[in-house]
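Data block below; observations after.
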Amino acid sequence: MRKRRQKNKWKKRRAALVLACLTAVLTVIGCGRGEKGTAKESGVQLERTTGLAYETAKDGKVDFDALQKENPDIFAWLYVPGTEVDCPILQSPVSDDFYKTHTPDGEEGAVGAVYTEMPNMMNMCDFNTVIHGKDGEGNGPFAGLHRLEDPDFFAEHEEFYIYLPDNVLTYEIFAAYDDEGSDILRRFDYTTYAGCQAYLEQVYGSREMGKQLREGWDDLTPYHFLVALVGSVRETEEKQFVVLGVLTGDAAGQIDRVILDFCE
């Protein structure tokens, strides 16, 4: 545990340096309900796909002023090193499924976008923030996540990052596996200790073939903060690929929440 605390302290210092590189710093919104271009790596070049100017989190340049002028539904940016996942995160105030069939610029498109649903807060303070993206046939925004199925790649790529207008969050990837096709966000009541604990037990209780688990995280509790990166449900198998990360770096120190029905 001491080794992990030292590691997390180093990650927080590094996240603070990354935060300093952000080009847009807005007013801190705290952890109440949040107020309201996909870029793809190709060597050192980036393909412009959102109508924005070659955005990438790889060098810390995320201009939220420009992004939100293009589409105010953009509230964060996801960067998963090594996977080509380097794109905005959106949440529609109209429909949870809107960005399943619309691109980040709000136009109709079968490839969709990376998005959360309205039950998740946009300040990342939920126990389990579920982020959706299509991953089928190699052309969805989450297609690159399947590289984490390779044990060597999984071992070498430990982290992903979520940028907010006033913060940068670091997550350690602790699991990657095929999950059942049911709705993760609504399986349990994540506002309660019991609901959070039940989800953790389900994660560690499943024995999917090819499941990747990182050592040192089998003592997760409802006091941690998780992000689930979730691909499309494969209807023929009733499965979906899921990458789970746990918060290890909170540069602005904003992430907190109240858990109900505490029990030992």
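Miscellaneous remarks
- Likely footprinting exposure, Phe64, Phe153, fewest C-beta neighbours within 10 Å first: Phe153, Phe64
- Between segment 84-103 and segment 223-249, the alpha-carbon center distance in angstrom: 16
- Annotation for segment 178-264: chymotrypsin sites (Phe, Trp or Tyr not before Pro) lying in DSSP loop with at most 12 further Cβ atoms inside 10 Å of their Cβ are Tyr223, Phe262.
- Note on segment 59-135: Rg/Rh from C-alpha atoms, Kirkwood Rh, equals 0.94.
- Taking a sphere under 11 Å around the Cβ of Val242 and counting the other residues whose Cβ falls inside, with K and R at +1 and D and E at -1, yields a net charge of -3.
- In segment 59-204, one over the average inverse separation of all distinct C-alpha pairs is 16.3 Å, which is the Kirkwood hydrodynamic radius.
- Table column - 3J(HN,Hα) (Hz), segment 112-120, Karplus curve with 6.51, -1.76, 1.60, x for Gly and Pro: x, 9, 9, 8, 10, 9, 4, x, 8
We did not get these values from a lab; they are worked out from the coordinates using the rules stated. All values reported here derive from a predicted model rather than from experimental measurement. Cβ atoms come from the backbone with ideal geometry, glycine included; neighbour counts cover every protein chain shown.
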